[in-house]
Every structure is written in structure tokens, then in C-alpha cells.
Amino acid sequence: MSIVQVKNLNRRLDNMAHEATCELDKACGNELWRSIGFDAFDGLFDSERRARANYYYGQWQTVRELQEALN
């Protein structure tokens, strides 16, 4: 993989992480999930918000793992 491809991939991963972070903040109503992690979603009573939070948390974790592997 060329340097340009790696930079583009990192940029896209940063965009995905930012999107996931914003959506998690909206779903949870705060930034508490950043320190608690997955357990922060168990307290959400709205099943739609909980499902959205679980989806974006999985996306956020995947992006972080890919970024660690690339660096």
C-alpha cells in the first residue's frame, strides 16, 4: 500500500470515527460513554437509541482497531 493510500485510508477512518463519536454523543445525551464504554448503553430506555448506540460503538471500536494496526 502506498503512502498516499495509507493517508487516504487514515483520513476516511478519522471521518468515520468522528461520525460515530457524534452519533454516540447524541444517542447517549452526554459523553459519559467515552469513560464507561459499552456499559453506558445498558441504561438507555429507548430501544432505538440503544440499538443506534450499539451500532456506532461497534463502528467506533473497529475504526480504532484499524487505526492502531496501521500505525
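The values are calculated or read from the model by the stated rules, or taken from the named source; none is laboratory data. Just so you know, these numbers come straight off a predicted model, no measurement behind them. Using ideal geometry, Cβ is built from the backbone for each residue, glycine included, and neighbour counts are taken over all protein chains shown. Ligands, DNA and RNA are stripped out before the accessible areas are found, and what is left, the full protein with its side chains, is counted by its heavy atoms. Shrake-Rupley method; radii C 1.70, N 1.55, O 1.52, S 1.80 Å.
Every listed requirement among (1) touching a residue at least 40 places away in the same chain (Cβ under 8 Å); (2) open to solvent by less than 40 Å² (accessible area, probe 1.4 Å); (3) of a type in the set (A, V, I, L, M) is met by M16 save one, (2).
Figure legend. Inter-residue proximity from the range 38-61: first residues touching a residue at least 40 places away in the same chain (Cβ under 8 Å), second residues of a type in the set (S, T, N, Q) and surrounded by 10 or more Cβ atoms within 10 Å (Cβ to Cβ), beta-carbon distance below 7 Å, spacing 6+ or different chains. Indicated pairs: W60/T21.
Of the residues making up the range 20-51, those that are of a type outside the set (F, W, Y), open to solvent by 70 Å² or more (accessible area, probe 1.4 Å) and within 17 Å of R64 (Cα to Cα) are R34, S35, I36. Residue check: Q67 meets all listed conditions (1) more than 26 Å from M1 (Cα to Cα); (2) open to solvent by less than 50 Å² (accessible area, probe 1.4 Å) but one, namely (1).
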